[in-house]
Amino acid sequence: MTSVDGPIRVLVVDDQILVRAGFRMILEAEPDLVVAGEAGDGDEAVRAVGACTPDVVLMDVRMPGTDGIEATRRILRTPGREQLRVIMLTTFDMDEYVYDALRAGASGFLLKDVPPEQLVDGIRAVASGESLLAPSITRRMIEVYLDRPPAVPAPAALDALTPREREILVLLARGLSNAEIAAQLFVSETTVKTHVARVLMKLGLRDRVQAVIFAYENDIVPRASRAADPS
């Protein structure tokens with residue numbers, strides 16, 4: 001996980017001009033944020049990313065033509081954009097497209113009516129390599145949207161994980177925060193962060209949201225423990 005050097009460049013993607021203008025006004029009031037560009041649909045967003053090289057994309061989920069999920073998929077599949085982060089903008093907290101968007105590579109979600117301070121804090125968090133979904137919320141959403149058999153066989157990349165790193169991956173997928181993992185394993189939070197970073201690197205994953213998806217798709221979390229977990 002990396003952080004951005006200098007001002008964070010943001011691309012705002014929404015089909016409504018007034019929404020884009022509102023976001024621009026909020027972002028331009030912050031000294032460490034720069035609006036690198038705007039786009040009105042998914043196709044424009046794909047082109048704009050190449051033209052303005054943002055660090056973070058605020059991407060509306062629902063737009064005419066190419067929607068935000070497909071645009072995110074195209075953008076993040078392009079080589080050289082491993083550090084680019086996409087935040088999906090949605091109207092509802094449990095939007096029906098949540099899982100598809102996360103699987104496309106989005107680092108989290110923000111509601112369109114989020115308070116300005118949460119918007120800018122979210123952008124800063126994602127730019128620093130964090131995600132915008134609490135692990136427990138991520139896990140619950142994935143359990144709702146992921147209803148298919150696990151991948152077989154498991155990816156060879158799993159063999160590169162040490163027993164401790166695999167344990168960390170399981171705890172991530174169960175929705176534990178770094179502090180909770182540290183308490184359970186009797187180690188420091190700094191140690192947990194190091195392990196998480198190594199898990200992401202070895203598996204070629206963008207952030208912990210992608211790690212949770214990976215764990216559930218590949219049946220890393222025993223199904224019995226999923227059913228027994230009440231949270």
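The values are calculated or read from the model by the stated rules, or taken from the named source; none is laboratory data. What you see is a predicted model, and the numbers here were worked out from it, not measured in a lab. Quick reminder, even Gly has a Cβ in these numbers, built from the backbone with ideal geometry, and neighbours come from all protein chains shown. Surface areas here come from the heavy atoms of the whole protein model, side chains and all, with no ligands, DNA or RNA. Shrake-Rupley method; radii C 1.70, N 1.55, O 1.52, S 1.80 Å.
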Under the rule rounded for a/c under 1.5, else prolate if a/b exceeds b/c, else oblate, using alpha carbon gyration tensor axes a ≥ b ≥ c, the stretch 1-86 is classed as oblate
Please identify the GluC sites (Glu not before Pro) of the stretch 1-91 that satisfy two criteria: DSSP loop assignment and at most 11 other Cβ atoms within 10 Å. Which are they?
-> GLU82
Net lengthening on full extension, ARG166/THR190 (0.36 nm per residue, minus Cα-Cα) = 6.9 nm
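Once the Cα gyration tensor of the stretch 1-43 is diagonalised, what are the square roots of 5 times its eigenvalues, in whole Å and ordered largest first, as equivalent ellipsoid semi-axes?
Values: eigenvalues 86, 37, 8 Å².
In descending order the semi-axes read 21, 14, 6 Å.
Please compute the per residue accessible area over the stretch 7-51 with all protein chains in place, 1.4 Å probe, rounded to a whole number of Å². Present the calculation step by step, with values, prior to reporting the outcome.
On the way: 2170 Å² over 45 residues.
Ligands and nucleic acids excluded, the figure is 48 Å² per residue.
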